[in-house]
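In what follows, a single structure is set out as structure tokens and then discussed.
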Amino acid sequence: MPLSFAEPARPVSLRRRPETLATMPTDAVETIETDHDQPAFAALVDSLPDPVMVVSARDAEDASDRRLVFANLAARELLRIQAAGGPLVSAIRHPEVLEAVDESLFGGLNGEAAYETGGAQDRFWRVRTRPLAPAADGARLALMVIRDETDARRNERMRADFLANASHELRTPLASLTGFIETLRGHARDDAAARERFLGVMAAQAGRMARLIDDLMSLSRIELNEHIAPEGKVDVALVTLDVIDALAPLAAERGVKLEIRMAERGRAMITGDRDQILQVAQNLIDNALKFSAPGGTVEIDVVDDVTAEAALAPTRAGAARLSLLSPDLVGGERFVVLRCTDHGAGIAREHLPRLSERFYRVEGQKSGERLGTGLGLAIVKHIINRHRGGLAIESVAGQGTTFTAYLPRL
């Protein structure tokens, strides 16, 4: 019973109320037929965001006998279906899906299958099938609905990875604390020198756990409100100067010189959350200090009133460059730029795309005094995304790294 997909005058009518197709009971559709007197139900189905198809078949042994007698717009676009009545296997070839369709066509059962497609971005699809009453000419019919579950699957994987990484990061200092406590309870109980040394290490590990928990809570709050645009007014230059004042003793302790170039007071204004912009500046400057050698220099710039192209202009010859976050640009939009440059070890090109992932740290930077929580750049990226800005990195191995954050100017 071939139907043209382009015949609005002959819509497919389902003689029941328009329930959600993916959850219809088996007998929810009594007949599928063309009917000029019925409402244009096909137009409603055509507007559904999920691909919906009706498959017909007569011969259980002939796989090419499964024919598409109806496909809504989403199905036609997804599977590139050109004409009605074509074989199902020309549109979808996954064995699990074809088996689910057969279960509904010839077994009268509800079927379900899942499959993944590759390409520029992997996508995960779930297919549900339902048997329908036979057509007037005796052909068996089944309803097939495809749901894109890519985001749900990606979020689930992200959640699992997040929990695994968080538990690992917490377990390491906790195991260290437990070990030192057992030692102090044992043979080191009366060794004053060992006790002082162990207590110092325990304090450092406890501090590491506290920082990790603080960063986890901060990241959770930022992600929760990421879709809500900030409303305050912030002078990026003044906020950055506050951070520099707080980190100046650390820079002096490490023997690192700070070179500061700031926009005039009241000019580098953005719409934003002051505390979050302070977090951005603190994370970027702290990272630069952390990876600078004694006697090195960290350059901190706040530039007012530039285009996105100017904000992303190269600053280091021969550097590997990558935009970690790009804003939706509006014609003529101007930005305030916060740029932080160090002259340390730099970062190899292959690590750049993953720098803003939770807990990701470059090999060789996972131990010692440089150890952080691995959440700083993830926090920076989410904050900048909430402020509809951009984030870019340039790095040359052995010469240092530059981070550029740019935010829409008031």
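Remark: pairs (first residue in region 247-258, touching a residue at least 40 places away in the same chain (Cβ under 8 Å); second residue exposed (fewer than 11 other Cβ atoms within 10 Å of the Cβ); Cβ separation under 9 Å; 6+ apart in sequence or on different chains) = Arg254/Pro294; Gly255/Pro294; Gly255/Gly295; Val256/Pro294; Val256/Gly295; Lys257/Gly295. Restricting to region 223-249, name every residue that is assigned to a loop (DSSP other than H, G, I, E, B) and either modelled with pLDDT under 90 or exposed (fewer than 13 other Cβ atoms within 10 Å of the Cβ) (or both). Asn225, Glu226, His227, Ile228, Ala229, Glu231, Gly232, listed by residue number. Yes or no: region 330-343 includes at least one residue that is part of a helix (DSSP H, G or I) and either of a type in the set (A, V, I, L, M) or outside the structural domain of Leu170 (by TED's automatic domain parsing) (or both). For region 330-343, residues part of a helix (DSSP H, G or I) and either of a type in the set (A, V, I, L, M) or outside the structural domain of Leu170 (by TED's automatic domain parsing) (or both): absent. One residue alone among Ala142, Ala133, Ala160 is among the aliphatic types (A, V, I, L, M), in contact (Cβ under 8 Å) with a residue 60 or more places away in the chain and more than 23 Å from Glu77 (Cβ to Cβ), and that residue is Ala133.
Does any residue of region 131-141 turn out to be touching a Pro at 6+ places or on another chain (Cβ under 9 Å) and either over 30 Å from Gly107 (Cβ atoms) or of a type in the set (A, V, I, L, M, F, W, C) (or both)?
Yes: region 131-141 contains one or more residues that are touching a Pro at 6+ places or on another chain (Cβ under 9 Å) and either over 30 Å from Gly107 (Cβ atoms) or of a type in the set (A, V, I, L, M, F, W, C) (or both).
Considering Glu103, Glu112, Glu96, the condition of being outside any loop (DSSP other than H, G, I, E, B), among the acidic types (Asp, Glu) and within 16 Å of Val52 (Cα to Cα) is satisfied by Glu112 alone. Can Ile222 be described as in contact with a His (Cβ under 7 Å, 6 or more places away or on another chain) and not charged (D, E, K, R)? Yes. With respect to (1) more than 14 Å from Leu141 (Cβ to Cβ); (2) touching a residue at least 60 places away in the same chain (Cβ under 8 Å), the lone exception for Gly86 is condition (2).
Matching residues to (1) of a type in the set (A, V, I, L, M); (2) out of contact with any helix residue (DSSP H, G or I) (no Cβ under 6 Å at 6 or more places or on another chain):
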{"position": "Ala42", "(1), (2)": "yes, yes"}
{"position": "Asp46", "(1), (2)": "no, no"}
{"position": "Pro51", "(1), (2)": "no, no"}
{"position": "Val54", "(1), (2)": "yes, yes"}
{"position": "Ala57", "(1), (2)": "yes, no"}
{"position": "Ala60", "(1), (2)": "yes, no"}
{"position": "Ser64", "(1), (2)": "no, yes"}
{"position": "Arg67", "(1), (2)": "no, yes"}
{"position": "Ala75", "(1), (2)": "yes, yes"}
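Checking each residue in region 69-99 for being aliphatic (A, V, I, L, M) and out of contact with any strand residue (DSSP E or B) (no Cβ under 6 Å at 6 or more places or on another chain) picks out Leu73, Ala74, Leu78, Leu79, Ala83, Ala84, Val89, Ala91, Ile92, Leu98. Within region 173-191, the set of residues being among the small types (Gly, Ala, Ser), surrounded by fewer than 16 Cβ atoms within 10 Å (Cβ to Cβ) and more than 26 Å from Ala378 (Cβ to Cβ) comprises Gly179, Gly186.
Select from region 299-317 the residues that are surrounded by 18 or more Cβ atoms within 10 Å (Cβ to Cβ) and in a loop (DSSP other than H, G, I, E, B) and list them in ascending order. Across region 299-317, the qualifying residue is only Leu312. Here region 321-340 is the region considered, the condition is being in contact with a helix residue (DSSP H, G or I) (Cβ under 7 Å, 6 or more places away or on another chain) and under 13 Å from Phe403 (Cβ atoms), and the residue that is surrounded by the most Cβ atoms within 10 Å (Cβ to Cβ) is Leu338.
Look through region 64-88, keep the residues that are surrounded by 14 or more Cβ atoms within 10 Å (Cβ to Cβ) and part of a helix (DSSP H, G or I), and return whichever of them is farthest from the chain's Cα centre (by Cα). By that ranking, first place goes to Asp65. Listed conditions (1) surrounded by fewer than 20 Cβ atoms within 10 Å (Cβ to Cβ); (2) touching an Asp or Glu at 6+ places or on another chain (Cβ under 9 Å) are all met by Pro95, apart from (2).
Checked against the criterion of being part of a helix (DSSP H, G or I), buried (at least 16 other Cβ atoms within 10 Å of the Cβ) and not assigned by TED's automatic domain parsing to the domain that holds Phe359, region 192-204 contains one or more residues that satisfy it.
The values are calculated or read from the model by the stated rules, or taken from the named source; none is laboratory data. What you are looking at is a predicted structure, and each value in this text was computed from that prediction instead of being measured. Counting neighbours? That spans all protein chains shown, and the Cβs are built from the backbone with ideal geometry, glycine included.
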